[in-house]
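First up is the structure itself, then whatever we jot down about it.
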Amino acid sequence: MVKILYRELHYQMAKENPMVSGEKEFNKQIKKSMDMKRNVLQQSMIFLLFGTMTAGSIFVAEDEAMVVGVLTSLALIPFVLSLYQTTIQASFLTSLGIFEPLKPLPVELGGKYMSGVISVDLIPGFVLVIPAVVAMVFRAPLSGILTLFWMIVAVLAGHVIGLGVFALFGQKVMNYKGSLSFLKNVLKVIGLLLFMGLFFGVMYFQEYFAAYIGTVADYPFVFPVSLASVFEPLNSLILLVFHLVILLPLYFLSLRKVWSGILEPAITSPGKVETDYKISLRTPIVSMILKDLKVIGRKTSMMAGLLFPLYIALPQMFLRVRDGRISMVDMTYLVFLVGIVTVAGADAILKVEGKSMSFLRTLPLSKVQFALGKALSMSIVPMFVGVGMVGLGVYFSVEVIYLLPLVLILPITAAVVTMSYLFRYKGEMIGVPEFDFKKMILLFLIVGVVFGVVALPIIFMGGLLKYILSPLIAIFITSILYLRLKR
Amino acid sequence: MIEVKRLKKRFGSTLAVDDVTFKVEDGEIYGLLGPNGSGKSTTLKILTGILKPTFGEVHVDGINSSKHPNRVKEVIGYVPESVDLYESLTPNDLFNMVGSIRGIEHAQLNSRVNYFVDAFNIGQYLHQYIGTMSFGNKQKVSIISALLHDPSVLIMDEGMNGLDPKMAKILREILFQFKDEGKSIIFSTHVLPLAEMICDRLGLIHEGKIIAEGTVEELKDMSSQSNIEDVFLELTKSKDEVLGVVEALKNTR
């Protein structure tokens, strides 16, 4: 069943891919993209390459503390990827109507099929940590096996939280848009952030206990810091069982809730219904951005994907604010980091279209309008995050304000680079280009190179001029790419 | 005016549209009839600039649809067969989006939305999310979206799908009004009496080819049949097959 659903998902995606023109190419593309084993293998190879680089440090590390440090940070990668992929895909799969044919069938727990299809895409993230596990097996066999199980816990935890986000926030259907819709959406985002921030909160408490009680530090109890226990096999095993005892029932509970939500979404209606048409005309690009934000506003779990830059920035800012030290170098690094992770937002912003692409194609919307609209939509969250960071940074160091132009332009540059790459084909046809992990990594690298050029004045120049020159380079590159897209 | 010349569309080894030629004059309602999979929707998608033809040309109001798809979309109103609207938007949001993309003026959009919302009686659903609406109401939203910019050419692929008799009558009146204003309309349907009722001329498409064309009376004469259903079965050479199946069903009772 998972194979059938996976094929259906990729068939639907290939259908909306404007890069695939002509029947021959389409057939070739669907054959390629529906091949589950090939896709997993191909993406896993790239992740394996990255994983091998990180595993080296486990081999050479002299003390165990250093090894567990590497493992803990490494475990966060499959965790975050799993969380991200689950929230985005759950919403996308439902909006494509993949499960509609299953509804009339006597399926007991259909949520397991959703989990299965999503899990296929979680394999590469897990493969990334395999070299580290192998390195651990060579170092201490029992600890290595425990590391493997902890990495499984990492994927499972991300998946369970992702399903939880979808079940709790993504499936309630409001019948009418009430006057408090905007406020409700804001509250949903806050709820979502609190939910997603649970782990960071737990990590903080862990540190707090470690600092003030001391003894707890020997027994780190919550993932990912619990990974530090791998050199104490018995403790680690107990902690593993403790995690599984919590995660597995939550997993099955989420599956049940997800499926009941798919079968019959909870519909609520406000008391008073408005009947007047409220006209608001804008330019096509602005209207596309507003449409994207409205759709994402309702698909809360998809919003979780768009908020990705926030998960990167929040903990970093939190640590710096806690220490009461925010240097210009730190802030510059963070501003560029948030700019680069803008790329990840392309996934959510493209998947907003779902099946409605066919409707959009009936409208006279040009490729450049569509692509630019998408680029600006995906830049909004990182821009707000950046402005927030700078605002906070100014409190500690006034000169951080010089980074404001970069904060505003870097996400747009990253987004325009992304869209120029994805919509690089000739012709006016609009659609949803394929955007998988392979492309995401490639785009991270391309944007990294572009940002390297943008950062040249900051690295090599002194004075204030560098903070003017650097954004100007970014604006220049963005304009060139925009013109190329328009061609 | 719509001119379709020697249109062909190939999907791999399947020739979905095979040398189709027809013309729809200004102020004419042209019915495109044909069995499932006969190539109706593919032909209409090429007309609207959504698909490119493998061969042949389509001109809508003198604009080549494959060379200038967006210019054609500006003059066409198209109601597709399947209603795939943004389920997370309300009709109010959707009309504003369509109006913005089409560059419709404020006053015109306001008056046209209000006019059609009243005509199709969907005022109470204006702020309801499309995803939670009934199929019929979604179809009404789709039809209104296609009419907002006052298109000079209207293409409806199974446009009456999901409409109740009252709304179907209202839509018919709107189509007649369009016709009186000198606009061209192509209407594809499976409901043959409906086609007979509203279309000035019919084109019968079968296995990608136009096999007969003319007014209802001309088609009746052509096939020596007295009702449109029999005309359809006769011309698509499926009458004997249908009678055989009906007979077999009777015998299995």
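The values are calculated or read from the model by the stated rules, or taken from the named source; none is laboratory data. Keep in mind that what you see is a predicted model, and the values were worked out from it rather than measured. Here the Cβ is made from the backbone with ideal geometry for all residues, glycine too, and neighbour counts use every protein chain on show.
Going by what's in this entry, would A:S379 be described as farther than 30 Å from A:R320 by Cβ and assigned to a helix (DSSP H, G or I)?
Values: farther than 30 Å from A:R320 by Cβ: no; assigned to a helix (DSSP H, G or I): yes.
Criteria not met by A:S379.
For the range B:2-121, please list each of the helices (runs of 4 or more DSSP H) lying entirely inside it that holds at least 2 residues being without any contact (Cβ under 8 Å) to a residue 12 or more places away in the chain and within 13 Å of chain A (Cβ to nearest Cβ).
Numbers: elements: B:40-47, B:69-75, B:91-102, B:106-119.
Hits in the range B:2-121: B:91-102, B:106-119.
Quick one: how many residues across the range A:358-378 are under 15 Å from A:M419 (Cα atoms) and either more than 7 Å from chain B (Cβ to nearest Cβ) or surrounded by 23 or more Cβ atoms within 10 Å (Cβ to Cβ) (or both)?
Taking the range A:358-378 first, the residues under 15 Å from A:M419 (Cα atoms) are A:366-378.
Add one more test, that the residue is either more than 7 Å from chain B (Cβ to nearest Cβ) or surrounded by 23 or more Cβ atoms within 10 Å (Cβ to Cβ) (or both), and what stays is A:367-378.
The qualifying residues number 12.
In the set B:K179, B:K237, which member is part of a loop (DSSP other than H, G, I, E, B) and of a type in the set (D, E, K, R)?
On the way: B:K179 fails: part of a loop (DSSP other than H, G, I, E, B).
The unique qualifying residue is B:K237.
Just to be sure, is B:H149 surrounded by 15 or more Cβ atoms within 10 Å (Cβ to Cβ), in contact with a Lys or Arg (Cβ under 6 Å, 6 or more places away or on another chain) and within 26 Å of A:S358 (Cα to Cα)?
yes
Of these, A:Y425, A:Y421, which one is among the hydroxyl-bearing types (S, T, Y) and more than 25 Å from the chain's Cα centre (by Cα)?
Details: A:Y421 fails: more than 25 Å from the chain's Cα centre (by Cα).
Going through A:Y425, A:Y421 in turn, just one is among the hydroxyl-bearing types (S, T, Y) and more than 25 Å from the chain's Cα centre (by Cα): A:Y425.
Hey, B:I155 hits all of (1) in contact (Cβ under 8 Å) with a residue 40 or more places away in the chain; (2) within 14 Å of chain A (Cβ to nearest Cβ); (3) in a helix (DSSP H, G or I) but one; which does it fall short on?
Tallying (1) in contact (Cβ under 8 Å) with a residue 40 or more places away in the chain; (2) within 14 Å of chain A (Cβ to nearest Cβ); (3) in a helix (DSSP H, G or I), B:I155 fails exactly one: (3).
Go through the range B:122-131 and give me each residue that's among the polar types (S, T, N, Q) and without any contact (Cβ under 8 Å) to a residue 24 or more places away in the chain.
Kept after step one, since they are among the polar types (S, T, N, Q), are these residues of the range B:122-131: B:124, B:128.
Listed by number, the list holds a single entry, B:Q124.
If you check A:K355 against the conditions, is it touching a residue at least 12 places away in the same chain (Cβ under 8 Å), under 17 Å from B:Y86 (Cα atoms), facing chain B (nearest Cβ under 9 Å) and surrounded by fewer than 19 Cβ atoms within 10 Å (Cβ to Cβ)?
Working: touching a residue at least 12 places away in the same chain (Cβ under 8 Å): yes; under 17 Å from B:Y86 (Cα atoms): yes; facing chain B (nearest Cβ under 9 Å): yes; surrounded by fewer than 19 Cβ atoms within 10 Å (Cβ to Cβ): yes.
Spelling it out, A:K355 is indeed touching a residue at least 12 places away in the same chain (Cβ under 8 Å), under 17 Å from B:Y86 (Cα atoms), facing chain B (nearest Cβ under 9 Å) and surrounded by fewer than 19 Cβ atoms within 10 Å (Cβ to Cβ).
Here is a check on your reading of the model: is B:I143 touching a residue at least 24 places away in the same chain (Cβ under 8 Å), assigned to a helix (DSSP H, G or I) and of a type in the set (A, V, I, L, M)?
Numbers: touching a residue at least 24 places away in the same chain (Cβ under 8 Å): yes; assigned to a helix (DSSP H, G or I): yes; of a type in the set (A, V, I, L, M): yes.
Here the answer is yes, as B:I143 does meet what is asked.
Of A:S226, A:S260, which residue is within 19 Å of A:A154 (Cβ to Cβ), in a helix (DSSP H, G or I), assigned by TED's automatic domain parsing to the domain that holds A:A140 and modelled with pLDDT of 60 or more?
Details: A:S260 fails: within 19 Å of A:A154 (Cβ to Cβ).
Of the residues listed, the single one that is within 19 Å of A:A154 (Cβ to Cβ), in a helix (DSSP H, G or I), assigned by TED's automatic domain parsing to the domain that holds A:A140 and modelled with pLDDT of 60 or more is A:S226.
So, of the residues in the range B:1-57 that are surrounded by fewer than 21 Cβ atoms within 10 Å (Cβ to Cβ) and of a type in the set (F, W, Y), which turns out to be nearest to B:V79 (Cα to Cα)?
That would be B:F22.
Mind listing whichever residues of the range B:201-223 are of a type in the set (K, R) and part of a strand (DSSP E or B)? Outline the logic, then answer.
Our first condition is that a residue be of a type in the set (K, R); within the range B:201-223, this holds for B:201, B:209, B:220.
If the condition is that a residue be of a type in the set (K, R) and part of a strand (DSSP E or B), then B:R201, B:K209 are the ones that fit.
Kindly establish whether A:V160 is surrounded by 23 or more Cβ atoms within 10 Å (Cβ to Cβ), out of contact with any Gly (no Cβ under 7 Å at 6 or more places or on another chain), at pLDDT 85 or above and in the same structural domain as A:E264 (by TED's automatic domain parsing). Walk me through it before giving the result.
On the way: surrounded by 23 or more Cβ atoms within 10 Å (Cβ to Cβ): yes; out of contact with any Gly (no Cβ under 7 Å at 6 or more places or on another chain): yes; at pLDDT 85 or above: yes; in the same structural domain as A:E264 (by TED's automatic domain parsing): yes.
Yes: the conditions hold for A:V160.
Just the residues that are part of a helix (DSSP H, G or I) and either of a type in the set (D, E, K, R) or touching a strand residue (DSSP E or B) at 6+ places or on another chain (Cβ under 8 Å) (or both), please, taken from the range B:158-175. Break it down into steps so the answer makes sense when it comes.
Filtering the range B:158-175 down to residues part of a helix (DSSP H, G or I) leaves B:165-175.
Within the range B:158-175, B:K166, B:K169, B:R172, B:E173, B:L175 qualify.
Can you give me the ranges of the helices (runs of 4 or more DSSP H) entirely in the range A:273-372 with at least 2 residues that are more than 28 Å from A:T87 (Cα to Cα) and out of contact with any Pro (no Cβ under 6 Å at 6 or more places or on another chain)?
Numbers: elements: A:284-298, A:300-306, A:308-323, A:328-341, A:345-351, A:357-360.
Once the helices (runs of 4 or more DSSP H) in the range A:273-372 are filtered for at least 2 residues that are more than 28 Å from A:T87 (Cα to Cα) and out of contact with any Pro (no Cβ under 6 Å at 6 or more places or on another chain), what remains is A:308-323, A:328-341.
Which residue is surrounded by the fewest Cβ atoms within 10 Å (Cβ to Cβ), if the candidates are limited to the range A:276-312 and must be under 18 Å from A:R361 (Cα atoms) and of a type in the set (D, E, K, R)?
In this case the residue turns out to be A:D292.
Can you tell me which residue is farthest from the chain's Cα centre (by Cα) among those in the range B:199-240 that are at positive phi and modelled with pLDDT under 85? Steps first, answer last, please.
So in the range B:199-240, the residues at positive phi come out as B:207-208, B:214, B:224, B:237.
So of that shortlist, the ones also modelled with pLDDT under 85 come out as B:224, B:237.
Numbers: B:S224: 27, B:K237: 24 Å.
The selected residue is B:S224.
Scan the range A:1-28 residue by residue and report those that are assigned to a loop (DSSP other than H, G, I, E, B), modelled with pLDDT of 70 or more and within 14 Å of another protein chain (Cβ to nearest Cβ).
Our first condition is that a residue be assigned to a loop (DSSP other than H, G, I, E, B); within the range A:1-28, this holds for A:1, A:16-22.
So of that shortlist, the ones also modelled with pLDDT of 70 or more come out as A:1, A:16-17.
Across the range A:1-28, the qualifying residue is only A:E16.
Taking A:L314, is it within 21 Å of the chain's Cα centre (by Cα) and at pLDDT 80 or above? Don't jump to the end; show me each part of the working.
Values: within 21 Å of the chain's Cα centre (by Cα): yes; at pLDDT 80 or above: no.
Criteria not met by A:L314.
Pick out the one residue from B:I63, B:I29 that is touching a helix residue (DSSP H, G or I) at 6+ places or on another chain (Cβ under 7 Å), hydrophobic (A, V, I, L, M, F, W, C), farther than 23 Å from A:L360 by Cα and modelled with pLDDT of 90 or more. Steps first, please.
Numbers: B:I63 fails: farther than 23 Å from A:L360 by Cα.
Selected residue: B:I29, the only one of B:I63, B:I29 that is touching a helix residue (DSSP H, G or I) at 6+ places or on another chain (Cβ under 7 Å), hydrophobic (A, V, I, L, M, F, W, C), farther than 23 Å from A:L360 by Cα and modelled with pLDDT of 90 or more.
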